[in-house]
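Here's the structure we're looking at; comments come further down.
The values are calculated or read from the model by the stated rules, or taken from the named source; none is laboratory data. The structure presented is a predicted model; accordingly, all values stated were derived computationally and were not measured. With ideal geometry, Cβ positions are generated from the backbone for all residues, glycine too; neighbour counts draw on all protein chains shown. Accessible surface areas use protein heavy atoms only, side chains included; no ligands, DNA or RNA. Shrake-Rupley method; radii C 1.70, N 1.55, O 1.52, S 1.80 Å.
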Amino acid sequence: MTPTFNRARSILTGLLLSACVASSAVLVSPAPATAGDVPTFAVDPSWPKQLPNSWIIGQIGGITVDWQGHIWVIHRPRSLTEGEKAASLTPPRAKCCVAAPPVLEFDVDGKLLRSWGGPGDGYQWVGREHGIAVDERGFVWIGGNADDDSAILKFTLDGKYLGQIGKIAPRTNSNDTTQLGKPAAIAIDKDANEIYVADGYGNRRVIVFDATTLAYKRHWGGYGKRPDDDKQPPYDPAAAPQHQFGNPVHCIKIADDGLVYVCDRSQDRIQVFKKDGSFVKEFFYEKKTLGDGAVFDLALWPDPKQTYLLNADGANNEIRVINRDDGKVVGTFGHSGRNAGQFALLHVMAVDQKGNVYTGEVEGKRIQKFKLTSDALK
């Protein structure tokens with residue numbers, strides 16, 4: 001395995017050593033990991049296992065962990081080059097490879113358990129896969145961010161189509177309650193039986209539906225205000241924060257205490273709300289990051305208090321460990337690159353109950369697993 005990544009701990013250790021040398025000339029060794037330590041991780045280069053049937057995956061559009069601890073991935077078969085899918089060409093150019101089905105389910109050891117997805121009877125598949133959620137009732141929710149992807153599709157665990165919110169058609173506006181606008185991510189509130197959508201690449205809002213009837217419940221924009229689609233100036237880190245979300249509204253996560261965390265990706269910020277859309281606070285990260293932005297995805301740490309947020313940053317290709325209460329960064333890991341443990345446009349992320357982190361990349365076209373190496377869950 002590669003060494004554990006944690007810049008915050010190394011900096012802190014250096015400061016402690018310097019202080020000891022200055023005061024008493026006695027050097028102290030770093031303390032071993034103890035209960036309550038900040039999460040630290042090491043990549044597992046053996047995960048996942050080789051896919052069957054000469055399958056290969058493309059850009060990763062979403063990743064999540066279900067109630068069983070299984071890892072669900074949605075990727076983009078159409079993003080593969082002819083060279084990558086050479087065995088599927090007519091005639092085949094090489095003995096490998098063939099695009100895997102877009103939805104893949106793995107166990108914690110990286111064994112493929114189930115695969116399905118794509119066009120089928122009674123529904124129209126999304127144009128570019130983006131976002132996946134799996135709830136404890138056994139339903140899989142899928143989104144897309146192509147131009148006409150204005151819907152969330154609902155399936156069983158085996159891929160049987162059950163229904164959808166919106167439709168595959170051009171988006172309308174950020175206050176249309178019947179149609180979505182290139183939604184990016186989905187979160188499930190089990191207790192309230194509601195589905196929250198980060199909507200998304202076309203619209204500028206969070207929108208909530210009943211998870212059974214799929215009926216509209218409520219929606220809001222930046223700072224909990226009514227969203228609009230007026231043209232915004234380009235993001236300027238030196239300017240006052242924009243009142244509207246930028247595009248894309250890229251992630252949404254619901255904490256056990258009822259707080260809702262939203263990624264305003266291009267504006268380098270996380271906004272926090274109550275479930276009714278009331279604005280609570282916001283945090284900015286790497287505020288000078290332009291272009292794709294610094295806040296791609298979030299994961300809630302699985303200790304009882306959900307002490308930390310993990311923040312995937314696809315522009316800077318790192319994951320930040322953040323105190324959930326005050327937003328302070330207490331650690332980072334990852335780096336731009338194509339080796340194990342590095343990232344090539346880190347896009348999405350999930351964490352299981354054991355503290356293992358799973359990541360998906362766009363340029364890298366791969367998924368990775370990082371094992372917890374500290375006592376942060378004890």
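If you sort the three axes of the alpha carbon gyration tensor as a ≥ b ≥ c, you get a/c of 1.5 or more for the range 46-109 and a/b above b/c, which makes it prolate. Rolling a 1.4 Å probe over the protein heavy atoms gives the chain an accessible area of 43 Å² per residue.
In loop segments of the range 34-105 as defined by DSSP, the GluC sites (Glu not before Pro) with at most 13 further C-beta atoms inside 10 Å of their C-beta are E82. Other residues with beta-carbon under 15 Å from the beta-carbon of Q68 carry, at +1 per Lys or Arg and -1 per Asp or Glu, a net charge of -3. With contacts taken as Cα pairs under 8 Å at a separation of at least 6 residues, the range 131-282 carries a relative contact order of 15 percent.
At the listed q of 0.22, 0.24 Å⁻¹, the Debye profile of the range 151-239, built from one uniform point per Cα, gives log10 I(q)/I(0) equal to -1.11, -1.28. What separates the Cα centres of the range 44-75 and the range 146-207 is a distance of 23 Å.
Note on the chain: with a GNM built from Cα contacts shorter than 10 Å, the maximum mean-square fluctuation among R78, R218, R137 falls on R137. Pairs of Cα atoms nearer than 8 Å and 6+ residues apart set the relative contact order; for the chain it is 16 percent. Of the residues Q124, S174, G83, the one whose Cα sits farthest toward the positive end of the charge dipole of the chain, with +1 on the Cβ of Lys and Arg and -1 on the Cβ of Asp and Glu, is G83.
Can you list the aspartates and glutamates whose alpha carbon sits under 13 Å from that of K182, skipping same-chain ones fewer than 8 residues off? Straight-line reach from K182, under 13 Å: E129, D147, D148, D149, D199. The chymotrypsin sites (Phe, Trp or Tyr not before Pro) of the range 102-186 that DSSP puts in a loop, and whose beta carbon has at most 16 other beta carbons within 10 Å, are W125. Assuming charge only on the beta carbon of Lys and Arg (+1) and of Asp and Glu (-1), the dipole of the chain about its Cα centre is about 420 debye to the nearest 20. For the residue pairs K231/K288; K217/K369; K274/K365; K111/K253; K217/K378, the C-alpha atoms sit more than 29 angstrom apart in K217/K369; K274/K365; K217/K378. For S150, what charge total do you get from the other residues with a beta carbon under 12 Å from its beta carbon, if Lys and Arg give +1 and Asp and Glu give -1? My count for the surroundings of S150 gives -2. Spin-label pair L89-L162: with each label point 7 Å from Cα along the Cα-Cβ axis, the two points sit 4.1 nm from one another. For the range 310-372, applying the loop criterion from DSSP together with a ceiling of 15 other beta carbons within 10 Å to the trypsin sites (Lys or Arg not before Pro) yields K328, R338, K354. Judged by the ratio a/c of the largest to the smallest principal axis of the C-alpha gyration tensor, the range 270-310 counts as oblate, that ratio being 1.5 or greater while a/b is no larger than b/c. From the coordinates of this entry, percent of Cα pairs over 31 Å apart is computed, and it appears in [x] 35; [y] 32; [z] 41 under the label [x]. Normalised by the number of residues in the range 279-332, the mean separation of alpha-carbon contacts (under 8 Å, six or more apart) gives a relative contact order of 24 percent. Within the accessible surface of the chain, defined with a 1.4 Å probe on protein heavy atoms only, the carbon and sulfur portion equals 52 percent. If a/c stays under 1.5 just call it rounded; otherwise compare a/b with b/c (prolate if a/b is bigger, oblate if not). Do that for the range 257-376, with a ≥ b ≥ c from the square roots of the Cα gyration tensor eigenvalues. Note, shape of the range 257-376 comes out oblate. For the chain, what does the helix formula give at 222 nm: sum of -39500 (n - 2.57) over DSSP H segments with n ≥ 4, over the residue count, nearest 500 deg cm²/dmol? Calculated mean residue ellipticity at 222 nm is -1500 deg cm²/dmol.
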